[in-house]
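There's a structure below that I have some questions on.
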Amino acid sequence: MREKILEVEKEAREDLARVDSAEELEAFRVAYLGKKGKIPELFRLFGEVPPGSRKEVGAEINRVKEWIESALKESRVSKPAQNREESLFDGTLPGIPPKIGSIHLLQQTIDEITSIYGKMGFEVVEGPEIETEFHNFTALNIPLNHPSRDAFDTFYTTDGQLLRSQTSTVQIRVMQSRKPPLKIVAPGRVYRPDTVDASHSFMFHQIEGLMVDDRVSFSDLKGVLHLFLRELFGSATRVRFRPHFFPFTEPSVEVDIQWGKGWLEILGAGSVDPNVFETVGYDKTRVKGFAFGLGVERIAMLRHGITDIRHFYENDLRFLRQFP
Ligand code: PHE
């Protein structure tokens, strides 16, 4: 009888070592402790044990039974992750969707504007934000000690470069590297040392436009800007051209749209000044062109009723989520 008990114990150790899932563990429990299991079987054989050995044999069977019980308990505890995975995983539950961002309102506005010009055949180009004095001032017919330089004052780097204060720099870069005809729009950041308030920022966005060909007139400029403003603000939009001064265009205008009872300035524009053509090496007697520049923030603010320019830069999701 003792041998039989030891054999069952040995088998149990071997079987348990092979168990590696919750189902197998349960099958092991049934095989040893279940009604027809090996331990109850030993207790049945117990009836034939002579009275003198009963105490000893009974204790031996109980030892093996208790070992199996505690091994079962530990085994369940030692495989918690596996058990939990099996019991809690529910493949029918909906997934957790990743958070999807959206395009910033300023970029949306830039995309909308450049796509309107795209339909008129203008190509989108970009230029650097760190620029030379030549591209930001000199080549744009803004002489070193001229008062008009103040209007485009900016931040300088220690090595004599600067943060461009207008995207008009891109006019120069494109004309230096290509021959006419040209039809480009150039969106990008510009910098000016303005004190930050509801309508000023030290950094903002502009879109520059430039068209150069052998026969481009001021009325082409008017036509293009009319079309653009009506596309952006609605087909009933009224547009007004006011004489103005820019060093790099002659004649120059500021362009307003009617807004309620009044007029709002939207952009600056003009015919390219022959001095600019000369600087970039174009023959000023043979080419003509127009240029314009507009502020992206201003347009986005007008169209969406935004009253503080700082909202664009603060990354406050309560603001950004209103423009998905
Ligand atoms: N660069 C001018 C500005 O920042 C705008 C402009 C661009 C005016 C092109 C005329 C032609 O105010």
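Can you pull out every residue in region 250-302 that is closer than 15 Å to E208 by Cα, within 10 Å of the ligand (Cβ to nearest atom) and of a type in the set (D, E, K, R)?
E254
Let me ask you something else. Hey, F245 hits all of (1) within 14 Å of the ligand (Cβ to nearest atom); (2) surrounded by 15 or more Cβ atoms within 10 Å (Cβ to Cβ) but one; which does it fall short on?
The failed condition is (2).
Next question. Looking at region 73-87, is at least one residue surrounded by 10 or more Cβ atoms within 10 Å (Cβ to Cβ), under 30 Å from H205 (Cα atoms) and either modelled with pLDDT of 90 or more or not hydrophobic (A, V, I, L, M, F, W, C) (or both)?
no
Which numbered condition in (1) surrounded by fewer than 23 Cβ atoms within 10 Å (Cβ to Cβ); (2) in a strand (DSSP E or B); (3) over 28 Å from the mean Cα position of the chain (by Cα) is the only one that I184 fails?
(3)
Of K35, K55, K65, which residue is in a loop (DSSP other than H, G, I, E, B) and either in contact with a Lys or Arg (Cβ under 9 Å, 6 or more places away or on another chain) or closer than 25 Å to R2 by Cα (or both)? I'd like the intermediate steps shown before the answer.
Values: K55 fails: in a loop (DSSP other than H, G, I, E, B); K65 fails: in a loop (DSSP other than H, G, I, E, B).
None of the other options fit; the residue is K35.
Now for a separate question. Quick check on my filter: what residues within region 133-154 are within 15 Å of the ligand (Cβ to nearest atom) and within 19 Å of M203 (Cα to Cα)?
Result: H135, N136, F137, R149, D150, A151, F152, D153, T154.
Still on this structure: Output the number of residues of region 157-181 satisfying the condition of being closer than 10 Å to V280 by Cβ and either within 14 Å of the ligand (Cβ to nearest atom) or within 30 Å of the chain's Cα centre (by Cα) (or both).
5
It is to be established whether one or more residues within region 281-297 are of a type in the set (F, W, Y) and either within 24 Å of V196 (Cβ to Cβ) or part of a loop (DSSP other than H, G, I, E, B) (or both).
Taking region 281-297 as the starting set, the residues that turn out to be of a type in the set (F, W, Y) are 282, 290, 292.
Now drop any that are not either within 24 Å of V196 (Cβ to Cβ) or part of a loop (DSSP other than H, G, I, E, B) (or both), which leaves 282.
Yes; the residues of region 281-297 include at least one that is of a type in the set (F, W, Y) and either within 24 Å of V196 (Cβ to Cβ) or part of a loop (DSSP other than H, G, I, E, B) (or both).
On to the next question. Based on what the data block shows, is G95 in contact with a Lys or Arg (Cβ under 7 Å, 6 or more places away or on another chain) and part of a loop (DSSP other than H, G, I, E, B)?
Values: in contact with a Lys or Arg (Cβ under 7 Å, 6 or more places away or on another chain): no; part of a loop (DSSP other than H, G, I, E, B): yes.
Answer is no for this residue.
If I go through region 126-148 residue by residue, how many of them are surrounded by 16 or more Cβ atoms within 10 Å (Cβ to Cβ) and either within 12 Å of S168 (Cα to Cα) or over 37 Å from the mean Cα position of the chain (by Cα) (or both)?
Number of matching residues: 9.
The values are calculated or read from the model by the stated rules, or taken from the named source; none is laboratory data. Computed from a prediction, not measured in an experiment: that's the story for all the values here. When we count neighbours, we look across all protein chains shown, and the Cβ atoms used for this are built from the backbone with ideal geometry, even at glycine.
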